[in-house]
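The values are calculated or read from the model by the stated rules, or taken from the named source; none is laboratory data. This one's a predicted model, so the numbers in the text were calculated from it and none came from an experiment. Note: ideal-geometry Cβ built from the backbone for every residue, glycine included; neighbour counts use all protein chains shown.
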Amino acid sequence: MFKKAEKRVFFRKGYQEKLILKYQKEKTITTQQLSDKLGVHGRTLRDWKRGKYSMSLKAYKYILKHSHIKDTTTKKVKDPFWYVKLGASKGGINCYKKYGQIGGDQEHRKECWKKWWEETGMFDKRFKTIGKKIEILHPKHSERLAEFCGFMLGDGAITKNFISVSLNGTTDVEYGHFVGKLVESLFGVKLHLYHRPDSNVGIYTFNGVKLTEYCNKLGLVTGHKIRQQIDIPEWIKKNKKYSIACVRGLVDTDGCIFQHKYKVNEKWYSYVKIEFTSYSVPLRKSVIKILRSLGFNAQEKNNRDIRIENQKDVRGYFNIIGTSNPKHTKRRGTQVAYEESLLNFYRGKTLSRVRIPPSPQM
């Protein structure tokens, strides 16, 4: 319990040592045994006994609860890190007295930095890009560039200085490799990968002001995509091949391949369906228009989802549009292989309809 920030209790001088010794005598336990009960290190308890540090309020309450010691002494309880404000104030006063300002002698720091830069820094390869815009390649419109726009419209983000794509840190690792290689080959920039273990997200980042400026020229917006109600750029919508590639990038990031299972008359049915989700109205309308122009019966659900549910259309989607995300291929492949094995088993039997139960692997 000592690892967490806790309130501290302060007694008159010498009482803290008497309190701990009295408890040990009553319970006939050693310092190590008591420290184990309180959940602190033995050295911490010895420091409490010597009065070097104030003991935690939680430890004090434990001693009172498990002994006959009465809570009659005068004490003060202070919040965690109570000393920070006091120390910061004293430090600021002393700094002002010494330098006449807070933060030290700024002119002296600038002179030292300039000396370091002229003697060492400017010759270090790591600092050659300081103050310079990173040059990038300017690819022509293509299917690969349209697919890039697709996954940027999906899980991508554009700021003033860099672009990034956030993917699942477990299921999208292989797709992340594809994203990194595609962006590097298109623009000649270097990938920087960051992992957030708290949310299991892999962030694929590419730095460069010129890169973000070029993305803006492609029709991709900087900032919050939903507030700006993003849409597929016009140069993509005017070309059928580019539209297909862009939708592939969108579904690979903001879409999913899932198995719909339901039970009727004690019989299980299972179908693979495709779903794309977006809160941008113009983007949903453009995706539906593209899908329907390809002959798919795409339907909008809940003012955020677009679904392809007909099994013929699902197969057609993978044949015409396809996917660059291996997890989608695996999910569909598992179901297709399962269905084919059952159909082979039932082939030749006089059945009006083959009912396919849910795949045990999905």
Give the residues of segment 307-322 that are closer than 20 Å to Y262 by Cα and either touching a residue at least 40 places away in the same chain (Cβ under 8 Å) or within 30 Å of the chain's Cα centre (by Cα) (or both), sorted by residue number.
R307, I308, E309, Q311, V314
K49 being modelled with pLDDT under 90, loosely packed, with under 11 Cβ neighbours inside 10 Å and part of a helix (DSSP H, G or I)
no
Consider only pairs whose beta carbons are under 7 Å apart and that are at least six residues apart or on different chains; among these, list those whose first residue lies in segment 159-181 and is within 16 Å of Y214 (Cα to Cα) and whose second residue is crowded, with 16+ Cβ neighbours inside 10 Å and hydroxyl-bearing (S, T, Y).
T159/T212; K160/T212; N161/T212; F162/T205; F162/T212; I163/T212; S164/Y204; S164/T205
Please identify the pairs in which a residue from segment 268-285 that is assigned by TED's automatic domain parsing to the domain that holds R315 and crowded, with 18+ Cβ neighbours inside 10 Å has its Cβ atom under 7 Å from the Cβ atom of a residue that is polar (S, T, N, Q) and at pLDDT 90 or above, counting only partners at least 6 apart or on another chain.
S280/Q229; R284/S278
Here the residues within segment 291-308 that are in a loop (DSSP other than H, G, I, E, B) and modelled with pLDDT of 90 or more are L294, G295, F296, N297
Which of the residues that make up segment 216-234 are in a helix (DSSP H, G or I) and touching a helix residue (DSSP H, G or I) at 6+ places or on another chain (Cβ under 7 Å)?
L218
Note on segment 58-80: residues of a type in the set (V, I, T) and farther than 20 Å from L34 by Cβ are T72, T74, V77
With the checklist (1) surrounded by fewer than 19 Cβ atoms within 10 Å (Cβ to Cβ); (2) modelled with pLDDT of 95 or more in hand, flag the one item C246 doesn't pass.
(1)
